[in-house]
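Right, one structure below, let's go through it.
The values are calculated or read from the model by the stated rules, or taken from the named source; none is laboratory data. This one's a predicted model, so the numbers in the text were calculated from it and none came from an experiment. A quick note on method: Cβ atoms are made from the backbone with ideal geometry, for glycine too, and the neighbour counts reach across all protein chains shown. Side chains included, ligands, DNA and RNA excluded: accessible areas come from the protein's heavy atoms. Shrake-Rupley method; radii C 1.70, N 1.55, O 1.52, S 1.80 Å.
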Amino acid sequence: MSVDDEGPRKRLIAILQHAYSGERAAGYAYNGHWKSAVDSGERERIHQIEDEEWHHRRLVGEMLTSLGAGPQRLREVRAAVVGRALGLLCHLSPWFLPMYGAGWLESHNIVEYENAARHARGCGREDLVDCLLTMAEVEWDHEAYFRSKVVGHSWSRIIITWGQPPPRAAIRTRGERPRGDAALAAGNAG
């Protein structure tokens, strides 16, 4: 590995460590979320989203291992506490809040995986790019689901919905296009 590759590699590892713990928090939160849902269709879809988040965690863990890195212990503990607390709060809060929170977080995950793909390319890890972009696409699907639930709700007239991400089809072109470090730093959600 050249000295030039070290910056993107370190940034990739940092994003993946953040994502690994974030997927843990999401998994626990979605477990509570789907169990709190009354509508059977919502329960089924949110349960599927939980399964996809745990799958992403396994993939990200494998990527970290291949980079000679691992999760950050403190971040892992915090993710478990936060995720379980959010899962419990889903049972206590109005329907709108978990839907809104999930959509907002998923919108940031799209960017996180796109940035990880760019850094993977930047440090010569082309083997990770397709998987990272696929995860960004799945996160886009999650965001779209929660957005569809929130937009029609009466509270959406009071609470401003997060910015809508670009079209799903643009993920591949955005995630594969090399960008300068300043652009990456500005767009890094991780």
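Taking the criterion of being small (Gly, Ala, Ser) and closer than 20 Å to His119 by Cα, would at least one residue in the range 39-48 satisfy it?
So far as the range 39-48 goes, no, none of its residues is small (Gly, Ala, Ser) and closer than 20 Å to His119 by Cα.
Quickly run through the range 27-60 and pick out the residues that are open to solvent by 20 Å² or more (accessible area, probe 1.4 Å) and within 18 Å of Met135 (Cα to Cα).
The answer is Arg45, His47, Gln48, Asp51, Glu52, Trp54, His55, Arg57, Arg58, Leu59.
Keeping to the range 130-156, report how many residues are under 18 Å from Glu53 (Cβ atoms) and either of a type in the set (Phe, Trp, Tyr) or open to solvent by less than 10 Å² (accessible area, probe 1.4 Å) (or both).
Residues that pass the stated criteria total 10.
Going by the structure shown, is Ala69 within 19 Å of Arg11 (Cβ to Cβ), open to solvent by less than 50 Å² (accessible area, probe 1.4 Å), modelled with pLDDT of 95 or more and not in a helix (DSSP H, G or I)?
So Ala69 fits the description; yes.
Could you tell me whether the range 117-129 includes any residue that is in a helix (DSSP H, G or I), of a type in the set (A, V, I, L, M, F, W, C), surrounded by 20 or more Cβ atoms within 10 Å (Cβ to Cβ) and touching a Phe, Trp or Tyr at 6+ places or on another chain (Cβ under 7 Å)?
Within the range 117-129 (the criterion being in a helix (DSSP H, G or I), of a type in the set (A, V, I, L, M, F, W, C), surrounded by 20 or more Cβ atoms within 10 Å (Cβ to Cβ) and touching a Phe, Trp or Tyr at 6+ places or on another chain (Cβ under 7 Å)), the answer is no, since none of the residues qualifies.
Considering only the range 2-24, I want to know if a residue exists there that is more than 13 Å from the chain's Cα centre (by Cα), farther than 30 Å from Ile158 by Cβ and polar (S, T, N, Q).
Yes, that holds for at least one residue.
Would you pick out the residues in the range 36-82 that are of a type in the set (Phe, Trp, Tyr) and in contact with a Leu (Cβ under 7 Å, 6 or more places away or on another chain)? Before you say what the answer is, go through the steps one by one.
If we filter the range 36-82 for residues that are of a type in the set (Phe, Trp, Tyr), which is where we start, we get 54.
None; the set is empty.
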